[in-house]
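Here the structure is laid out as structure tokens; the discussion comes afterwards.
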Amino acid sequence: MNKTNGNMYEWVDKMWCPLQGQCPHQCSYCCVEHTPAGRMGVYSGPPRLSKRQMGLNLGSGKTVFVCHLGDLFADGISSFFIAEVIRRTQEFPDNTYVWQTKNPQRYHDFRIRRNCALGTTIESDIWFPKIMGLAPHPLERMNAMLDAKQRSYRTFVTVEPILEFTEQLALDLVALHPDWVNVGADSKRHNLPEPSGDKVRGLVVTLREAGIEVREKPNLARITGKGTTTCLTP
């Protein structure tokens, strides 16, 4: 397993990616697609499990982000692969596992233990088909997460890379009321349609006023201005 680094979540101890092959969602801003590993390496070709990664000792007492370089629950990923990865995590029950997908509806097809945090990526409430690729519509993701919340899982939403949005995004997130929301910008400069700094700061303040923890990623400062969002915390 790798230690968390770069633009990954600071609160994650380890990253474990047993799934290889191309992600079926094919989002335009994918950080893996534009690397050698994505174009011709282990993250190209059909989805498959890595024997080496599946054999790793996951340890104990860690927060482990599972499949950070792919989407395990995407349509097109074998249910057998998903079940095997879940089974492996259950052999190391003292860890906290972080699952994140753009297809959270599929969470409901598997038995996932409560020592997990279930998350989804929602870049915007607006549908950008050329950017979001073959991923489900953001509204579908939001509705699927409502069901996970009702089943008493710890839930989170990642708004990254944050795209232009309407006021409905804040309303939907407040209604969902996940345990926390990660907010981040496009690190690789893909020339995406981004909101203004004021708009992002307003979203953060609205969520915090509703009692939702907001975890701002360092890369968000490019849009908001360094330190300006934190000072608006209620």
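The table for this structure:
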{"read-out": "Cα-centred dipole magnitude for the chain, charges only on beta-carbon of K, R (+1) and D, E (-1), debye, nearest 20", "value": "800"}
{"read-out": "Restricting the stretch 124-228 to GluC sites (Glu not before Pro) in coil, as DSSP defines it, with at most 14 other Cβ within 10 Å", "value": "167"}
{"read-out": "Top of 187, 78, 152 by mean-square fluctuation, Gaussian network on the chain, Cα under 10 Å", "value": "152"}
{"read-out": "Cβ-based charge dipole, the chain, positive-most Cα from 16, 212, 168", "value": "16"}
{"read-out": "Anisotropy class of the stretch 40-110 from Cα gyration tensor, a/c 1.5 cut", "value": "oblate"}
{"read-out": "Relative contact order %, the stretch 2-232, counting alpha carbon pairs below 8 Å whose residues are six or more apart", "value": "16"}
{"read-out": "Size descriptor, Kirkwood hydrodynamic radius, that averages inverse alpha-carbon separations across the chain, Å", "value": "18.1"}
{"read-out": "Spin-label pair residue 79/residue 50, simplified geometry with 7 Å Cα→Cβ offset, distance in nm", "value": "2.7"}
{"read-out": "Rg over Rh, two decimals, the stretch 106-228 (C-alpha only, Kirkwood Rh)", "value": "0.96"}
{"read-out": "Sparse-neighbour loop sites [chymotrypsin sites (Phe, Trp or Tyr not before Pro); the stretch 104-181; at most 15 other C-beta within 10 Å; DSSP]", "value": "110, 127"}
{"read-out": "Estimated distance in nm for a label pair at residue 139 and residue 209, the labels positioned 7 Å out from Cα along Cα-to-Cβ", "value": "2.6"}
{"read-out": "Anisotropy class of the stretch 51-157 from Cα gyration tensor, a/c 1.5 cut", "value": "prolate"}
{"read-out": "Of the trypsin sites (Lys or Arg not before Pro) in the stretch 41-124, those whose Cβ has at most 13 other Cβ within 10 Å and which sit in DSSP loop", "value": "111, 113, 114"}
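Every number here is computed from the coordinates shown, using simple stated rules; none is lab data. Worth saying up front: this structure is predicted, and the values here are computed from it rather than measured. Backbone-built Cβ (ideal geometry, glycine too); neighbour counts: all protein chains shown.
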